[in-house]
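Reading through the structure tokens given below for one structure.
The values are calculated or read from the model by the stated rules, or taken from the named source; none is laboratory data. Model, not experiment: these values are computed from the prediction. Don't worry about glycine lacking a Cβ; one is built from the backbone with ideal geometry, like all the others, and counts go over all protein chains shown.
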Amino acid sequence: MGSQDIEFNGGYEYCKGYKGLHVLQSHHQIRELQTILRDKNTSRSDFKFYADRLIRLVIEDSLNQLPFTDCNVVTPTGATYDGLKYKSGNCGVSIVRSGESMEQGLRDCCRSIRIGKILVESDADTHEAKVVYARFPEDIANRHVLLMYPIMSTGNTVSKAVNVLLEHGVKEECIILSNLFCTPQAVQTVLDVYPKMKILTSEVHPVAPNHFGQKYFGTD
């Protein structure tokens, strides 16, 4: 997809033509959280508190993208309730280090979910992203994966991580990126190469808050 697929409307950018892109429905609460996280005057304690709130909203919506199956349960009154439950075989994978900020939000929603890790670093000379460490559940090839990475500016780091998951047998359509902020360029970079995966984000904007990791972990 080219630049003509980016639609500008009221200061927001929407990447049209990408079925794999899912943006949280914007409302005042989400806009307030995004504003606080972008404000240079936000204290570190406030930043972490409101980041965790936005992370929780993104994780909740990401979980809604996972497959469910029908099930019946018996209520305390003896009635039968026709409900839903997750299909087995879900896991999380965080891209170190900033992706680790999203792990607790996932654990708060899925108590026993397994979480793997990928470390991607840029070469000091070529600046090319490369994977230097990866740890996954042994049966990850049979699982749906929530890939966690809060800020996606170029898409290069995520693309490297997705490629490693594919090398370990994960199906492209079974990968969901849980993301807070991404740029139109990053969406195009990732989904042009991996059109079957999904990206779940709170905002697509040309300027990403790249200070997120340093502010969240107090290393700024």
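Kindly indicate whether any position in the range 186-201 is at pLDDT 95 or above, under 28 Å from Tyr86 (Cβ atoms) and charged (D, E, K, R). Taking every residue of the range 186-201 in turn, at least one turns out to be at pLDDT 95 or above, under 28 Å from Tyr86 (Cβ atoms) and charged (D, E, K, R). Within the range 121-135, is there a residue that is touching a residue at least 40 places away in the same chain (Cβ under 8 Å) and outside any loop (DSSP other than H, G, I, E, B)? Taking every residue of the range 121-135 in turn, none turns out to be touching a residue at least 40 places away in the same chain (Cβ under 8 Å) and outside any loop (DSSP other than H, G, I, E, B).
Among the residues making up the range 92-123, those that are crowded, with 18+ Cβ neighbours inside 10 Å and among the small types (Gly, Ala, Ser) are Gly92, Ser94, Ser98, Gly99, Ser101, Gly105, Gly116. Determine which single condition Pro150 fails, assuming it passes every other condition in (1) over 14 Å from Glu100 (Cα atoms); (2) out of contact with any strand residue (DSSP E or B) (no Cβ under 6 Å at 6 or more places or on another chain). With respect to (1) over 14 Å from Glu100 (Cα atoms); (2) out of contact with any strand residue (DSSP E or B) (no Cβ under 6 Å at 6 or more places or on another chain), Pro150 is out only on (1). For Ile140, are the conditions met, namely being touching an Asp or Glu at 6+ places or on another chain (Cβ under 9 Å), modelled with pLDDT of 95 or more, over 23 Å from Gln188 (Cβ atoms) and of a type in the set (Val, Ile, Thr)? Here the answer is no, as Ile140 does not meet what is asked. Please determine whether any residue of the range 175-195 is among the aromatic types (Phe, Trp, Tyr) and either buried (at least 23 other Cβ atoms within 10 Å of the Cβ) or closer than 26 Å to Cys109 by Cα (or both). Checking the range 175-195: at least one residue is among the aromatic types (Phe, Trp, Tyr) and either buried (at least 23 other Cβ atoms within 10 Å of the Cβ) or closer than 26 Å to Cys109 by Cα (or both).
Taking residues in the range 53-71 that are touching a residue at least 40 places away in the same chain (Cβ under 8 Å) and within 13 Å of His144 (Cβ to Cβ), and partners anywhere that are β-branched (Val, Ile, Thr) and assigned to a strand (DSSP E or B), the pairs with Cβ atoms closer than 8 Å and at least 6 places apart or on different chains are Ser62/Ile176; Gln65/Ile176; Leu66/Ile176.
Close Cβ contacts (under 8 Å, 6 or more residues apart or on different chains) running from residues in the range 11-22 that are within 11 Å of Pro195 (Cα to Cα) and part of a strand (DSSP E or B) to residues that are basic (Lys, Arg) and modelled with pLDDT of 85 or more comprise Leu21/Lys198. Being assigned to a helix (DSSP H, G or I) and acidic (Asp, Glu): is that true of Glu138 here? It is false that Glu138 is assigned to a helix (DSSP H, G or I) and acidic (Asp, Glu).
Taking the range 70-80 only, how many residues are surrounded by fewer than 10 Cβ atoms within 10 Å (Cβ to Cβ) and part of a strand (DSSP E or B)? Step through it out loud before you land on a result.
Restricting attention to the range 70-80, the residues satisfying the condition of being surrounded by fewer than 10 Cβ atoms within 10 Å (Cβ to Cβ) are 70, 72, 74-80.
Keeping just the survivors that are part of a strand (DSSP E or B) gives 70, 72, 74, 80.
Qualifying residue count, the range 70-80: 4.
Limited to the range 32-47, what total is found for residues that are in contact with a Pro (Cβ under 8 Å, 6 or more places away or on another chain) and surrounded by fewer than 16 Cβ atoms within 10 Å (Cβ to Cβ)? Within the range 32-47, residues that are in contact with a Pro (Cβ under 8 Å, 6 or more places away or on another chain) and surrounded by fewer than 16 Cβ atoms within 10 Å (Cβ to Cβ) number 0.
So is Val145 touching a strand residue (DSSP E or B) at 6+ places or on another chain (Cβ under 9 Å) and either of a type in the set (D, E, K, R) or without any contact (Cβ under 8 Å) to a residue 40 or more places away in the chain (or both) or not?
Values: touching a strand residue (DSSP E or B) at 6+ places or on another chain (Cβ under 9 Å): yes; either of a type in the set (D, E, K, R) or without any contact (Cβ under 8 Å) to a residue 40 or more places away in the chain (or both): no.
No; evaluated as a whole, the condition is false for this residue.
Taking the criterion of being surrounded by fewer than 16 Cβ atoms within 10 Å (Cβ to Cβ) and either in contact with a strand residue (DSSP E or B) (Cβ under 7 Å, 6 or more places away or on another chain) or aliphatic (A, V, I, L, M) (or both), the only residue of the range 48-65 that qualifies is Gln65. Put simply, of Ile118, Ile113, Ile140, Ile176 the only residue that is without any contact (Cβ under 8 Å) to a residue 24 or more places away in the chain, hydrophobic (A, V, I, L, M, F, W, C) and within 28 Å of Ser88 (Cβ to Cβ) is Ile113.
Can you find a residue that is hydroxyl-bearing (Ser, Thr, Tyr) and more than 17 Å from the chain's Cα centre (by Cα) anywhere in the range 143-152? No, because not a single residue in the range 143-152 is hydroxyl-bearing (Ser, Thr, Tyr) and more than 17 Å from the chain's Cα centre (by Cα).
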